[in-house]
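S.K.: Here it is: the structure, laid out below.
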Amino acid sequence: MNKDEQVNVAIGATSLVQPLTGIGQYTFNLAKKISERPGYNLDLFYGRGWSKDIEPRTVKNISTIKNIVRKVVPFSYKINRWVQQSAFDKKIVKSPPALYHEPNFLPLKFDGPVVITVHDLSFIRYPHTHPKERIKMMNDWFPAAVERADCIIADSHYTKSEILSEFAIESDKVKVVHLGASKDFMPRSKADVHSVLCKYDLKYRDYMLAVGTLEPRKNLVQVIEAYRALPLDVAKKTPLIIAGMRGWKEKGMLAQLEALLINGRARLLGYVPGEDLPYIYSGARGLLYPSIYEGFGLPVLEAMSSGTPVICSNSSSLPEVIGKAGKIVEIGDVDRMAELIRNLCEDEGELIRLAAAGLKRSSQFSWDKCATDTIEAYQYTLRKN
């Protein structure tokens, strides 16, 4: 690329419709960083139209609307896809970009170079943790997306190995690009977080945090059972605080939570706005992240960046992200999870050691590096074409 040459890149931005999930956070931070680099001109496709603005879009009651449409409209996924493709084509036909990057698995049809980001293969490895409609959609469209893509970005070496084991493609086509954590996630003093914690009736370093959509893959059941095994005084002094949207098959989980909720050993915050979340991370005594399967596990990095110790599962990509900077527990080992939680609740030295180790580890990841590595993937793709 010549010094003064501009590369026009189209980026799929449907994941930026709030409330943001992990893929939405990835898309937002990556697009922001690439837009700051000379030589790259971004156009974002929001599902119904285009914009150069990189911003989350609010659609009131979007989750409720989606659920109703899926129940009453046959083939709603395909209809939505057709509507998106029509809106996508209006601009693409008039002004085709040099490259199209879809950060959310499934690219729309495009005749030019295509990059896709594959965050994980949970829909293949753990289909029972997803709604049947989502599994059908991914099974119908994802193999063709892998074949069509000129380059596939994987969030971790683990995810790359998963892709290569499942699909007959050359290794060089898959580029590992680790995620970063926003600079908003940083250590904060008790005074710094006071006003936000008061808003949620939380006490500094006196709660354990679990984040993520309430769905089976996040394995919050293991945390709930561990809290039930803790001495009552420990659990009430340092309760479990769950921040996350309602998800699929949550009813059984909520039933198991009920006893903890009744006597103050746990609380549900629901969806927490992005501007408040860094303060809640910083104020927590630790993050509990026992997920069954993750392509990266961004909350682990966000917690480490906040100076908050992490206890996570030994599953999938999580050991790759946490390194030796936190505590790792086997999936299903409730007793060990309870032991680690109790140690962190009662041992100030443990808290200080793990916080320092996490900060050191988190410095190896950043959105700037993610953008640099992604641009290298773009350049690889353009050279192929």
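S.K.: Among the residues of segment 1-20, write down those that are outside any strand (DSSP E or B), surrounded by 15 or more Cβ atoms within 10 Å (Cβ to Cβ) and at pLDDT below 90.
M.R.: Result: 18, 19, 20.
S.K.: Condition (residue is touching a Cys at 6+ places or on another chain (Cβ under 6 Å), more than 16 Å from residue 284 (Cβ to Cβ) and touching a residue at least 24 places away in the same chain (Cβ under 8 Å)) applied to segment 304-320: is it met by at least one residue? Even if it seems obvious, please write down each step before you answer.
M.R.: Quick first cut of segment 304-320, residues touching a Cys at 6+ places or on another chain (Cβ under 6 Å) only: 318.
Subset that is more than 16 Å from residue 284 (Cβ to Cβ): 318.
Now narrow it down to the ones that are touching a residue at least 24 places away in the same chain (Cβ under 8 Å): 318.
Yes, segment 304-320 contains a residue that is touching a Cys at 6+ places or on another chain (Cβ under 6 Å), more than 16 Å from residue 284 (Cβ to Cβ) and touching a residue at least 24 places away in the same chain (Cβ under 8 Å).
S.K.: Right, here's the next one. Can you give me the number of residues within segment 283-312 that are among the small types (Gly, Ala, Ser), crowded, with 22+ Cβ neighbours inside 10 Å, at pLDDT 95 or above and not in a helix (DSSP H, G or I)?
M.R.: 3
S.K.: Condition first: of a type outside the set (Phe, Trp, Tyr) and surrounded by fewer than 19 Cβ atoms within 10 Å (Cβ to Cβ). Now tell me which residues in segment 110-124 satisfy that.
M.R.: 111, 112, 124
S.K.: Out of the helices (runs of 4 or more DSSP H) lying entirely within segment 141-248, which hold 2 or more residues that are within 24 Å of the chain's Cα centre (by Cα)?
M.R.: Filter on segment 141-248 gives 157-166, 190-199, 220-229.
S.K.: Name the single residue, out of those in segment 93-111 being in a loop (DSSP other than H, G, I, E, B) and charged (D, E, K, R), that is nearest to residue 137 (Cα to Cα).
M.R.: 109
S.K.: Can you confirm whether segment 123-140 contains a residue that is within 20 Å of the chain's Cα centre (by Cα) and within 15 Å of residue 174 (Cβ to Cβ)?
M.R.: no
S.K.: Scan segment 123-174 for residues that are in contact with a strand residue (DSSP E or B) (Cβ under 8 Å, 6 or more places away or on another chain), farther than 27 Å from residue 319 by Cβ and in contact (Cβ under 8 Å) with a residue 60 or more places away in the chain and jot them down.
M.R.: Within segment 123-174, just 150 meets the criteria.
The values are calculated or read from the model by the stated rules, or taken from the named source; none is laboratory data. Just so it is clear, the structure is predicted and the values come from calculations on it, not from any experiment. All Cβ positions, glycine included, derive from the backbone under ideal geometry; neighbour counts span all protein chains shown.
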